[in-house]
Every structure is written in structure tokens, then in C-alpha cells.
Amino acid sequence: MNPTPKSARISGFHKKTPAERLAAVAEFSELTADEVAHLGNMGNLDPHLADHLIENVIATMNVPVGVATNLRIDGEDMLVPMATEESSVVAAVCNAARQCYEAGGFTTSMSEAMMIAQVQLVGVSDPVHARLRILEKRDEIKALCDACDPVLVKLGGGLRDVDVRLVDSAGGRMVVTHLMVDTRDAMGANAVNSMAEKLAPQIEAWTGGRVYLRILSNLADRRLARARAVWRCADIGGEAVRDGIISAYQFAAADPYRAATHNKGVMNGISAVVLATGNDTRAVEAGAHAYAARHGRYGSLTDWEVTPSGDLAGSIEIPMAVGLVGGATKLHPTARACLRILGVTTAERLARVIAAVGLAQNFSALKALATTGIQKGHMSLHAQNIAMMAGARGEEVARVAAILVAQGTVRVDVAEAELAKLRG
């Protein structure tokens with residue numbers, strides 16, 4: 001007899017407590033008692049808070065938080081928390097920062113810090129005139145948008161400018177209004193989305209067209225964080241290392257296949273700080289990759305050059321829509337503690353620090369690729385994970401990992417064999 005098929009239609013699932021949901025999932029998926037106990041332990045996050053941060057909560061996913069040292073940013077020494085599951089990421093930032101510390105560390109800056117909301121208008125027979133009609137209403141648009149968030153305006157933010165673009169699409173020419181909004185220390189998604197939705201009926205009335213999408217853009221190219229640093233040749237191993245790094249960068253700048261991995265390395269550092277501070281990793285990543293393709297071809301997020309004195313100069317310019325207020329940044333206790341460690345008091349300062357971390361991460365990756373190869377350092381740290389996967393515990397982890405590295409073979413089957421030898 002065939003077993004009764006399982007149904008994912010669980011009545012009232014969202015109304016249950018996290019424990020009740022976990023019990024239902026455990027029954028459906030035939031989880032073991034150990035698996036249920038593990039998922040039920042939410043660590044240092046209050047289950048009540050977790051249940052209100054997202055929907056249908058049954059557990060939490062704890063990610064290690066490490067601290068990057070050696071960072072001197074704009075003359076200030078800082079410790080930077082990073083949340084990531086990938087070995088070698090934190091170590092890479094520490095090493096890069098150490099090697100440029102005596103040369104002054106990182107210098108950062110920020111463009112104007114504005115978010116963009118888009119209002120998509122279709123169905124107009126005279127899009128060029130419609131564009132001008134919308135632009136003529138700038139003062140009315142500002143008054144309407146600022147009224148959506150008086151607190152933001154009181155803090156010095158609000159609508160700063162209006163732009164209207166004509167976008168040719170498969171469905172015809174669209175008239176797309178951009179609202180440029182200073183969101184101060186908030187990431188700003190809710191504020192700009194509210195403004196766009198409030199403005200939509202007015203745009204329809206002014207133009208006779210129909211509005212569809214009313215939402216922010218994650219290509220935050222009016223909110224660019226910048227960082228630069230110089231690594232002296234004497235501190236990084238000489239001119240051959242410098243030239244290898246330059247060549248690796250030139251490869252990424254010329255080839256999108258290489259650029260994708262190059263920029264993934266940049267985002268290893270950036271996303272780790274964004275996550276640790278409770279900000280939106282997906283928004284920052286989307287903006288970064290879109291910005292990397294702004295010239296019509298996907299390329300490097302960083303630039304590397306040789307200074308007049310023959311040293312290595314690196315720089316990064318990247319959209320950085322992060323905030324200190326709202327969402328998990330304010331609610332998540334780990335995010336709050338990480339912000340305390342950072343000591344930043346403005347969203348701009350946080351964005352600049354994150355950009356410096358991204359540049360540091362890129363330096364370490366390029367240096368490894370240009371010298372020993374990426375695997376040596378990465379696999380040395382990864383060997384500990386492999387040892388634990390093989391069943392090593394306590395002091396066994398370091399001993400097995402050391403054997404794997406010495407043999408140059410970091411595999412689970414080898415680790416299991418070495419662990420068996422250690423245990424006799």
C-alpha cells in the first residue's frame with residue numbers, strides 16, 4: 001500500500017508559535033529528536049523577536065562573527081565585526097590592513113548620500129512632453145514627498161531632486177520619474193517607496209498615462225562610498241608582487257568571467273560587515289554588481305595602479321545603501337553590539353568603513369593569486385573545517401588540520417584516515 005502523500009498545506013501555520021511550527025515541520029520531514037532540539041535552540045536571539053522579524057519562524061541560523069584588526073581608516077584605528085561562514089575572509093582583511101597600516105591605512109569619502117525611487121509611467125502618446133510636464137511640477141512633488149515623512153525632513157533629509165528619464169522597452173517608451181531622497185541615517189527603502197506611491201496618482205493626472213511600478217532602485221549610484229590605500233612595495237614583497245596584483249586586476253577589468261570572481265571576493269568582505277550590522281546584504285550586492293556593469297560590460301569594482309614612487313595604489317567606489325536606524329539594525333541585539341564595536345554614529349561613516357573592508361579583502365585575494373595561489377592560505381584554514389567534518393574534536397582538530405596541510409591534501413577521506421591513526 002502506498003503511504004498517504006504529505007501535504008504542505010498546513011492550516012493556520014503562520015498563527016502558530018515557533019515551537020508549534022517546528023513540531024509540524026518535524027512531523028512532515030521526519031526530523032530526529034536531535035535535529036528538533038538543535039533547531040529549537042535559538043541561541044542569543046529572543047524567539048519572540050525572531051518570530052516578528054520574518055514570517056513562519058521555526059529556528060535561527062547562527063553565523064560566526066569575527067573581528068578584523070589592524071584597520072586604520074581616516075586616521076582612526078578601528079575594530080570591524082564581520083559575520084560570515086567562509087574561512088579566510090576575516091584573516092584576509094586583517095592581513096591587508098596590517099600591510100598598509102604604516103603607510104597610513106585607508107582614506108575614505110562619500111558622494112552625496114541619496115536613495116532613488118522610480119515611478120514607471122506607460123501609455124502616454126507624447127512622452128517627451130510628459131517628461132517636461134512632470135519636471136515643471138518639481139515644487140509640488142517636493143511638498144508632497146516631504147509630507148510623507150516629516151520626521152525625516154526635521155532631521156535634515158527629504159526630497160532633494162527630481163529627474164525624468166525616457167526608457168525604450170519592448171512595450172514602448174516609458175516615462176520613468178526618479179525621486180532623489182536624502183534618507184539621512186536610514187537605508188531609506190520604506191521612506192522612498194512611500195513617496196513614490198504617494199506621487200503616482202498625481203503623475204497620472206498630469207500626463208494622462210498609467211503608473212505601474214512605484215519602488216526604490218537598488219542601483220544607489222547617488223550614494224557611493226569610496227576608499228583608497230597605498231601598499232608600499234617593501235611591505236608586500238617587492239615589485240614582482242606589485243606587478244602580479246596589477247596584472248590580476250587588469251584581467252578582471254577586461255574579462256567578465258574573471259570580474260565575477262574578483263568582485264565576489266570584494267563582496268566577501270563587504271557583505272560580512274553589512275550582515276553583522278543588520279543591514280540588507282541583498283540590496284548592497286545587487287547595487288554593487290549593477291554598478292560594475294554601468295559602462296555596458298561587467299567589470300572590476302576596484303582599481304589598482306602604480307604610484308609615482310613605485311608603490312601599489314588601490315581604490316574602490318561602490319554604491320552603499322546602509323543605515324543605522326530601522327529594521328534589524330535597531331532590533332537585532334547582535335547588530336546593535338556590532339555597531340557599538342565599530343563606534344560609528346552615522347550611516348555615512350558606516351558606508352565608508354565597509355568600502356575600506358571591501359578594498360582590503362580584494363588586496364589579499366589578488367596578492368594570494370599573484371603569489372602562492374588562493375588555495376594555500378584558504379585551504380590552511382579550511383582544513384580545520386574538514387577535520388571537524390571527519391569527526392575530530394578538541395585538540396584533534398588542529399592536529400588533523402596540520403597533517404592535511406603538510407600533506408597538501410585537504411579532503412574528508414584523508415582526514416578520517418589520519419584521525420583513525422591518532423586514535424590508535
Original post:
Taking segment 261-299 only, how many residues are surrounded by 22 or more Cβ atoms within 10 Å (Cβ to Cβ) and under 14 Å from Ala248 (Cβ atoms)?
Top reply: 4
**OP:** Inspect segment 263-284 for any residue being farther than 24 Å from Met61 by Cβ, of a type in the set (A, V, I, L, M) and modelled with pLDDT of 95 or more and give the result as yes or no.
**Re:** no
**OP:** Tally the residues that are over 14 Å from the mean Cα position of the chain (by Cα) and in a loop (DSSP other than H, G, I, E, B), restricting the search to segment 290-321.
**Re:** 13
Original post:
Among (1) over 30 Å from Asn70 (Cβ atoms); (2) out of contact with any Asp or Glu (no Cβ under 8 Å at 6 or more places or on another chain); (3) not small (Gly, Ala, Ser), where does Val153 come up short?
Top reply: (2)
Original post:
Got a sec? Which of Ala328, Ala398, Ala337, Ala390 is crowded, with 19+ Cβ neighbours inside 10 Å and either closer than 30 Å to Met187 by Cβ or touching a residue at least 12 places away in the same chain (Cβ under 8 Å) (or both)?
Top reply: Ala390
Subject >> Failed condition for Ala370, given (1) under 30 Å from Gly244 (Cβ atoms); (2) in contact with a strand residue (DSSP E or B) (Cβ under 9 Å, 6 or more places away or on another chain); (3) in contact (Cβ under 8 Å) with a residue 40 or more places away in the chain >> reply: (2)
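What are the residues in segment 380-397 that are out of contact with any helix residue (DSSP H, G or I) (no Cβ under 7 Å at 6 or more places or on another chain) and not acidic (Asp, Glu), if any? I'd like the intermediate steps shown before the answer.
To start, the set of residues in segment 380-397 that are out of contact with any helix residue (DSSP H, G or I) (no Cβ under 7 Å at 6 or more places or on another chain) comprises 382, 385, 393-395.
Once the filter is applied, which keeps residues that are out of contact with any helix residue (DSSP H, G or I) (no Cβ under 7 Å at 6 or more places or on another chain) and not acidic (Asp, Glu), segment 380-397 yields His382, Asn385, Arg393, Gly394.
Residue by residue, here is whether (1) part of a helix (DSSP H, G or I); (2) touching a residue at least 12 places away in the same chain (Cβ under 8 Å); (3) in contact with a His (Cβ under 9 Å, 6 or more places away or on another chain) holds:
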| site | (1), (2), (3) |
| --- | --- |
| Leu199 | yes, yes, no |
| Glu204 | yes, yes, no |
| Ala227 | no, yes, no |
| Asp235 | yes, yes, no |
| Ala253 | yes, yes, yes |
| Thr261 | yes, no, no |
| Lys264 | yes, no, no |
| Glu285 | yes, yes, no |
| Ala288 | yes, yes, no |
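Please determine, by comparing only the residues of segment 123-135 that are β-branched (Val, Ile, Thr) and buried (at least 18 other Cβ atoms within 10 Å of the Cβ), which one is nearest to Gln202 (Cα to Cα). Reasoning before the result, please.
Pass one, segment 123-135, residues β-branched (Val, Ile, Thr): 124, 128, 134.
From what is left, the residues that are buried (at least 18 other Cβ atoms within 10 Å of the Cβ) are 124, 134.
Details: Val124: 14, Ile134: 9 Å.
That would be Ile134.
Please determine whether any residue of segment 189-210 is more than 14 Å from Ile134 (Cα to Cα), under 19 Å from the mean Cα position of the chain (by Cα), surrounded by fewer than 20 Cβ atoms within 10 Å (Cβ to Cβ) and outside the structural domain of Ala293 (by TED's automatic domain parsing). First the steps, then the outcome.
Looking only at segment 189-210, we keep the residues that are more than 14 Å from Ile134 (Cα to Cα), and these are 189-195, 197-198.
Imposing the further condition that a residue be under 19 Å from the mean Cα position of the chain (by Cα) reduces the set to 189-190.
Next cut, surrounded by fewer than 20 Cβ atoms within 10 Å (Cβ to Cβ) only: 190.
The next check asks that each one be outside the structural domain of Ala293 (by TED's automatic domain parsing); those that pass are 190.
Within segment 189-210, one or more residues are more than 14 Å from Ile134 (Cα to Cα), under 19 Å from the mean Cα position of the chain (by Cα), surrounded by fewer than 20 Cβ atoms within 10 Å (Cβ to Cβ) and outside the structural domain of Ala293 (by TED's automatic domain parsing).
Suppose we filter segment 104-132 for residues that are out of contact with any strand residue (DSSP E or B) (no Cβ under 9 Å at 6 or more places or on another chain) and among the charged types (D, E, K, R); how many remain?
Let us first name the residues in segment 104-132 that are out of contact with any strand residue (DSSP E or B) (no Cβ under 9 Å at 6 or more places or on another chain), namely 125-126, 129.
Now drop any that are not among the charged types (D, E, K, R), which leaves 126.
Result for segment 104-132: 1.
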Original post:
Scanning segment 142-186 for residues that are touching a Ser or Thr at 6+ places or on another chain (Cβ under 8 Å) and either among the small types (Gly, Ala, Ser) or in a helix (DSSP H, G or I) (or both), which turns out farthest from Thr329 (Cα to Cα)?
Top reply: Gly157
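Residue by residue, here is whether (1) of a type in the set (Val, Ile, Thr); (2) assigned to a loop (DSSP other than H, G, I, E, B); (3) under 24 Å from Met61 (Cα atoms) holds:
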site: Gly323; (1), (2), (3): no, yes, yes
site: Lys330; (1), (2), (3): no, no, yes
site: Arg336; (1), (2), (3): no, no, yes
site: Leu339; (1), (2), (3): no, no, yes
site: Val344; (1), (2), (3): yes, yes, no
site: Arg352; (1), (2), (3): no, no, no
site: Ala356; (1), (2), (3): no, no, no
site: Phe363; (1), (2), (3): no, no, no
site: Lys367; (1), (2), (3): no, no, no
**OP:** Would you check if Leu350 is buried (at least 22 other Cβ atoms within 10 Å of the Cβ) and either touching a residue at least 40 places away in the same chain (Cβ under 8 Å) or touching a Pro at 6+ places or on another chain (Cβ under 9 Å) (or both)?
**Re:** yes
**OP:** Consider only pairs whose beta carbons are under 8 Å apart and that are at least six residues apart or on different chains; among these, list those whose first residue lies in segment 30-57 and is touching a residue at least 60 places away in the same chain (Cβ under 8 Å) and whose second residue is assigned to a loop (DSSP other than H, G, I, E, B) and not small (Gly, Ala, Ser).
**Re:** Leu45/Thr60; Leu45/His332; Leu49/His332; Leu53/His332
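Please work out which residue is farthest from Ser271 (Cα to Cα), limiting yourself to segment 90-103 and to residues that are in contact with a strand residue (DSSP E or B) (Cβ under 7 Å, 6 or more places away or on another chain) and not aromatic (Phe, Trp, Tyr).
The initial filter retains those residues of segment 90-103 that are in contact with a strand residue (DSSP E or B) (Cβ under 7 Å, 6 or more places away or on another chain), namely 90, 93-94, 97-101, 103.
From what's left, not aromatic (Phe, Trp, Tyr): 90, 93-94, 97-100, 103.
Details: Val90: 12, Val93: 13, Cys94: 16, Ala97: 18, Arg98: 21, Gln99: 22, Cys100: 22, Ala103: 26 Å.
Only one residue tops the list, namely Ala103.
The values are calculated or read from the model by the stated rules, or taken from the named source; none is laboratory data. All values reported here derive from a predicted model rather than from experimental measurement. Note that each Cβ is placed from the backbone with ideal geometry, even for glycine, and that neighbours are counted across all protein chains shown.
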